[in-house]
Amino acid sequence: MNIDTKLISAAENLFDRHGFNATGMDRLAQAAGMSSRTLYKHAGSKNELIAAVLMTRGQRFLQRLEVDSVEALFDALAGWMGEEGARGCLFLRAQGEIGSAVPEITEAVAAYKARFSETVGQILARQMGPGVDDELIEQIVVLFEGATAAAGYRGIAAVDTARRAATTLVERARA
């Protein structure tokens, strides 16, 4: 594992478990097993490190969503939560904690959310064929994001509820 990979992994774990503001650079350096000087050399600023963590996590998550149905999309979410925990969307937590005044974070969140919507559209196209209505894509995205948030306090059962609702929407769209 190279130093950047180790740093990103340690930072993701700390940010996810403790938050962005509560995780200082000294704590990040210690968790990554490097000096503060080395940390700054590789990460630049904390905001740049947060954006790199978000980009890496987003890529890893979207790879799990290479599926062919809405049901499998929600299964992938439940699987992710089983491995990673159900603490809500790290992107939205970053934006909520840091605010929209930090361009690196705002851009990372917007880029990921756009890619996620495109992914949902591709999944629906594989399941239903071309020409999927944008409204259906948006409805599935909102159900997915709602399940992600609700699982934090309701448990992973929230994902099952959202899966059933999404399946109903797809069935109605086919009729």
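For the reader, a short list of remarks on this structure follows.
- If you take the Cα centroid of segment 40-79 and the Cα centroid of segment 1-39, the two points sit 17 Å apart.
- Cα-based convex hull, segment 74-121, per residue volume (Å³, whole number): 74 Å³
- For segment 98-145, the equivalent ellipsoid derived from the Cα gyration tensor has semi-axes of 27, 10, 7 Å, listed largest first.
- Percent breakdown of C-alpha pair distances by 10 Å bin, ordered from the shortest bin, for segment 36-94: 20, 41, 26, 12, 2
- 0 to 90° range, to nearest 10: angle between helix 134-154 axis and the chain longest Cα axis: 60 degrees
- Alpha-carbon centroids, segment 144-175 and segment 111-138: separation in whole Å: 16 Å
- Coordinate range of the alpha-carbon atoms in segment 110-175 per principal axis, descending: 36, 31, 16 Å.
- Helix 3-18 vs. the chain, principal-axis angle (Cα, 0 to 90°, nearest 10): 70 degrees
- Rolling a 1.4 angstrom probe over the protein heavy atoms with all chains in place gives the chain an accessible area of 51 Å² per residue.
- Note: relative contact order over segment 1-43, using C-alpha pairs below 8 Å and six or more positions apart, is 43 percent.
- Rounded percent of accessible protein surface that carbon and sulfur make up, segment 1-146, 1.4 Å probe: 50 percent
- Area projected by the alpha carbon convex hull of segment 77-157, averaged over all directions, nm²: 6.1 nm²
- C-alpha long axis of helix 157-174 to longest principal axis of the chain, angle in °: 40 degrees
- Burial order of peptide ranges 76-82, 114-120, 133-139 (average beta-carbon count within 10 Å, highest first): 76-82, 114-120, 133-139
- From the C-alpha gyration tensor of the chain, square roots of 5λ in Å: 33, 16, 14
- Note on segment 1-43: the C-alpha convex hull projects to 2.6 nm² when averaged across all orientations.
The values are calculated or read from the model by the stated rules, or taken from the named source; none is laboratory data. Predicted, not measured: the structure shown is a model, and the values here were computed from it. Because the Cβ atoms are built from the backbone with ideal geometry, glycine has one as well, and the counts that use them run over all protein chains shown. With ligands, DNA and RNA removed, areas are computed over all heavy atoms of the protein, side chains included. Shrake-Rupley method; radii C 1.70, N 1.55, O 1.52, S 1.80 Å.
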